[in-house]
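Engineer: My questions will all concern the structure given below.
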Amino acid sequence: MVMEPEPLDFDSPEGDPVSWEVEAEPWQNPFERRVTHLASGTKLVQRRVPRAEGRDREYLYDLLENEARMGARLLSRLRRAYPPELPRLIGYSLDEEEPFVLLYDYRGEPVSRYFGALLISEQRTLQASLFRAVRILSACDIVHRRIEPATVRWDGATVQLTDLSHATLIGTRRLRIGEAPYASPAQRAGEGLAATADDLWSAGMVICRTVTGREIADLPDLSATPALQPLKDVFSGSPPSAQEVLARLRMPDPMQSVAVEQDLGLEEGRAAFDRAREARRDPVAAEEHVTRIQPVPEEEEGRRLPWWARWLPLAVLLALLIVLWVVTR
């Protein structure tokens, strides 16, 4: 099928306007389509909220905005060595009738295609790669919250997590998101604060399902599968950290080679993005949210008297009262 070139206008993660000429495949499901940038041949994924879907489910707009926000956060923290395990944002256009985000093309296939079919060496590599992704997200203070077979892809060497639309920051209040067995019990109940332990639970469940090929109703039985022994306490009340699980797999902490830093330009752009979106929802609340501190004018600052001069009138009055008391005794 011959695809006609078409313009694609959007904002970069830094907030700069971009205009590309692309070839686009038909929309899928109908939220996604593959796009090719004609100048470079780069393959991309465009995710949108169709007009009809947004009219019936307005929360989809919030999910799309959240994906752009979290994607910009990852770029600001991982700009020097972006890991292949995470989706990478190209840009977004959120003020259109059908808003969208633009990502580099996905790698591999959904992990569900490999249930029960991985070689022993691949089972270990899958575990290490998925826990690397969780570890890097945690270093960026992000909890994915929807690690499940539909959001984990595998290309035979590396995992890629997709869909950051439900992600949140560590320490925010837990919401009831996800279903058993992939969402942790605390997350399903909406109790406490979001933590990396939620993603560890989900990653462990995805690994168990993929390695064994068996459906999981509740807690998995790890005793009969040697490859799953590094997960032995991931589903407990005191789970290990992602670094500890990687150490059991004899894998180094990825944060030794992946620098997490703060890009002030992107951080300021993200803050402006948040303010603009809040202002569109509730202009009054956005105005009240700004804290104004009135500085002391320089002239008043210069006219301030020394401390002894401010107390002098009171001292004189006190002396007069004492003299009056002595005279009238």
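Engineer: Quick one: count up the residues across segment 225-256 that are open to solvent by 70 Å² or more (accessible area, probe 1.4 Å), among the polar types (S, T, N, Q) and closer than 15 Å to S121 by Cα.
Structural biologist: Going through segment 225-256 one residue at a time, the tally reaches 1.
Engineer: Let me ask something else. Residues in segment 221-236: is at least one in contact with an Asp or Glu (Cβ under 7 Å, 6 or more places away or on another chain), under 27 Å from Y82 (Cα atoms) and touching a residue at least 12 places away in the same chain (Cβ under 8 Å)?
Structural biologist: No, segment 221-236 has no match at all.
Engineer: Quick one: how many residues across segment 96-132 are touching a Pro at 6+ places or on another chain (Cβ under 6 Å) and in a strand (DSSP E or B)?
Structural biologist: 1
Engineer: Which count do you get for residues in segment 238-257 that are in contact (Cβ under 8 Å) with a residue 40 or more places away in the chain, within 20 Å of A195 (Cβ to Cβ) and either assigned to a loop (DSSP other than H, G, I, E, B) or under 21 Å from the mean Cα position of the chain (by Cα) (or both)?
Structural biologist: Residues meeting the conditions: 8.
Engineer: Across segment 148-170, what is the total count of residues that are outside any helix (DSSP H, G or I) and either free of Cβ contacts under 8 Å to residues at least 24 places away in the same chain or more than 13 Å from the chain's Cα centre (by Cα) (or both)?
Structural biologist: Qualifying residue count for the region: 10.
Engineer: A183: outside any helix (DSSP H, G or I), modelled with pLDDT of 95 or more, under 27 Å from E32 (Cα atoms) and within 18 Å of the chain's Cα centre (by Cα), yes or no?
Structural biologist: Yes, satisfied.
Engineer: Looking at segment 83-103, which of its residues are open to solvent by 40 Å² or more (accessible area, probe 1.4 Å) and not basic (K, R)?
Structural biologist: The answer is P84, D95, E96, E97, E98.
Engineer: Filter segment 134-180 down to residues that are more than 23 Å from E32 (Cα to Cα) and either out of contact with any Ser or Thr (no Cβ under 7 Å at 6 or more places or on another chain) or open to solvent by less than 10 Å² (accessible area, probe 1.4 Å) (or both), then give me how many there are.
Structural biologist: 19
The values are calculated or read from the model by the stated rules, or taken from the named source; none is laboratory data. Nothing here was measured: the structure is a model prediction, and the numbers come from that model. A quick note on method: Cβ atoms are made from the backbone with ideal geometry, for glycine too, and the neighbour counts reach across all protein chains shown. Note: accessible area is taken over every heavy atom of the protein model, side chains too, but ligands, DNA and RNA are not part of it. Shrake-Rupley method; radii C 1.70, N 1.55, O 1.52, S 1.80 Å.
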